[in-house]
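Here's the structure, in structure tokens; my notes come after.
The values are calculated or read from the model by the stated rules, or taken from the named source; none is laboratory data. The model shown is predicted, which means the values in this text are computed figures rather than measured ones. Here the Cβ is made from the backbone with ideal geometry for all residues, glycine too, and neighbour counts use every protein chain on show.
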Amino acid sequence: METDVNKLLEKAKRPSEEAPGLHKKYRGKVEVLPRCRIKDMSDFNIWYTPGVSAPCRLIQDDPELAYEYTCKWNTVAVVSDGTRVLGLGDIGPLAALPVMEGKALIFKYLGGVDAFPVCLDTKDPDRFIETVKILQPSFGGINLEDIAQPKCFEILERLRKECEIPVWHDDQQGTAAVTLAGLINALKVVDKRMDEARIVFLGAGAANIRIADVVFKAGADPKKCLMVDSRGILHEEREDIQGDPEKKEKWHICRTTNGGHEKGDAPRALEGADVLIALSKPGPGTVKPEWIRRMAVKPVVFACANPIPEIWPWEAKEAGAAVVATGRGDFPNQVNNSLGFPGIFRGTLDVRAKTITDEMCIEAAKELAKTAEDRGLSEDYIVPTMDEWEVFPREAAAVGSKAVAQGIATKAMSKEDIFRGAEDIIREAREKSRLLIERLSG
């Protein structure tokens, strides 16, 4: 058994060991390539001066034509200030650039979306918001990333209200959608109902607060659920939270959850719990095996801290967990934003939606869950993997059709048309990437 654990640990360390050398070799993960024909130099008379002045004048007369004549229709900015980078904390905008590049790479390969990393050298939320608003003409959508709380809540709320293009925070909405998908299927595997499940959310950061909100909207009973921060269970007598304007989201959780008025620490919260959704301090050892043993029969454990889960999956299984998920791709059941944002933005851009609502995220989660269910659920398979590329056009169709139904789409399209269009765009992106990979490997 000790040999098996050592092999798993060695496997878990491998990505971080290999990453520096490969990043240096390729000197970045994304680049700009032509989309139009260039048969000879005379084509630049069309793509640049003098020909380009004609579409410029048309767009000046009708700004909506920018979506027809430029790359705006398919372009997203991945914007961060580097104040809360996955598992690394406040490392600054320059050090955050590799993460935003990786996000852009996934956008293109899995969703056919042209995304660009935009790291801002400011920690001031007002300057951040103003900068994003100024950037709007160049992009069809904004993906906020790795921003510390509580300002991430204000930034998202204000930009959604003040921008003309869809804005979302992937660490909030994206994480929530994919986690909900995993939860839907994990509960099916252990034969438990969402509205009866006792769920403990370990960690009270932006991601888990948003996950809880979406899970409750999807049918879980907040009064049966608990959230735990570094000081213990959230409840209405938490004077360190009540009245603090920077903790209003936490105070909302205090008032809406914990119907039994329970107090205490994480081990106390987990006694008899059906589900643990942990997005807290990276492990291992943040969650103890003995805590899992105190949970209900056939417990579900989501240990999703990055880069190391709160508890290693094999430790959770040995302690009695029936289903274990992490945020990593080198273990089964990867509950990771990468399953959400490429398809969600694909559908949003294709119908030119004005925003991305919670209902659109829930539809994405349901389609993710259904895609996995169609293949056959098991303890080690509750969500699709990223190489099952058909999930992304299915997700896009679910999201886009929901936007149409909610009346926030500029383009009215059927679900079938959205699916076919997304499938074509994603297939083309993957084929282009394959050709480039072959050239780089040759």
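Taking PHE107 as the residue in question, decide whether it is of a type in the set (Phe, Trp, Tyr), under 28 Å from ALA396 (Cβ atoms), touching a residue at least 12 places away in the same chain (Cβ under 8 Å) and crowded, with 24+ Cβ neighbours inside 10 Å. Judged against the criteria, PHE107 is a match. Looking only at region 254-280, residues that are surrounded by fewer than 16 Cβ atoms within 10 Å (Cβ to Cβ) and either in contact (Cβ under 8 Å) with a residue 40 or more places away in the chain or part of a loop (DSSP other than H, G, I, E, B) (or both) come to 9 in all.
For ALA278, the conditions (1) modelled with pLDDT under 95; (2) in contact with a strand residue (DSSP E or B) (Cβ under 9 Å, 6 or more places away or on another chain); (3) within 30 Å of VAL399 (Cα to Cα) are fulfilled apart from (1). Beta carbons closer than 7 Å, at least 6 apart along the sequence or on distinct chains, pair a first residue in region 37-48 that is in the same structural domain as THR70 (by TED's automatic domain parsing) and modelled with pLDDT of 90 or more with a second that is surrounded by fewer than 11 Cβ atoms within 10 Å (Cβ to Cβ) and not aliphatic (A, V, I, L, M) for ASP43/ARG37; TRP47/CYS36. Quick one: is GLY21 at pLDDT below 90 and small (Gly, Ala, Ser)? Considered against the rule, which asks whether it is at pLDDT below 90 and small (Gly, Ala, Ser), GLY21 comes out as yes.
Within region 347-389, track down each residue that is buried (at least 24 other Cβ atoms within 10 Å of the Cβ) and of a type in the set (Ser, Thr, Tyr). Within region 347-389, THR348 is the sole residue that qualifies.
Any residue at all in region 80-91 that's touching a residue at least 24 places away in the same chain (Cβ under 8 Å), out of contact with any Asp or Glu (no Cβ under 9 Å at 6 or more places or on another chain) and loosely packed, with under 14 Cβ neighbours inside 10 Å? For region 80-91, residues touching a residue at least 24 places away in the same chain (Cβ under 8 Å), out of contact with any Asp or Glu (no Cβ under 9 Å at 6 or more places or on another chain) and loosely packed, with under 14 Cβ neighbours inside 10 Å: present.
Considering only residues of region 8-34 that are surrounded by fewer than 10 Cβ atoms within 10 Å (Cβ to Cβ) and of a type in the set (Lys, Arg), which is farthest from MET100 (Cα to Cα)? The residue in question is LYS25. Within region 118-144, being hydrophobic (A, V, I, L, M, F, W, C) and in contact with a strand residue (DSSP E or B) (Cβ under 9 Å, 6 or more places away or on another chain) holds for VAL118, CYS119, LEU120, PHE128, VAL132, LEU135, PHE139, ILE142, LEU144.
Counting only strands (runs of 3 or more DSSP E) wholly contained in region 131-203, no element carries 3 or more residues that are farther than 22 Å from GLY87 by Cβ and of a type outside the set (Phe, Trp, Tyr).
Here is a yes/no grid of residues against (1) under 27 Å from ALA325 (Cβ atoms); (2) out of contact with any strand residue (DSSP E or B) (no Cβ under 8 Å at 6 or more places or on another chain); (3) crowded, with 17+ Cβ neighbours inside 10 Å:
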site	(1), (2), (3)
ASP146	yes, no, yes
ARG160	no, no, yes
ALA177	yes, yes, yes
ASP213	yes, yes, yes
LEU234	yes, no, yes
ASP240	no, yes, no
GLU246	no, yes, no
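Can you spot a residue in region 124-145 that is closer than 25 Å to ASP350 by Cα, modelled with pLDDT of 95 or more and either outside the structural domain of VAL78 (by TED's automatic domain parsing) or of a type in the set (Phe, Trp, Tyr) (or both)? Yes, some residue in region 124-145 is closer than 25 Å to ASP350 by Cα, modelled with pLDDT of 95 or more and either outside the structural domain of VAL78 (by TED's automatic domain parsing) or of a type in the set (Phe, Trp, Tyr) (or both).
The criterion of at least 2 residues that are among the polar types (S, T, N, Q) is met by the following helices (runs of 4 or more DSSP H) wholly inside region 2-109: 2-26, 53-61.
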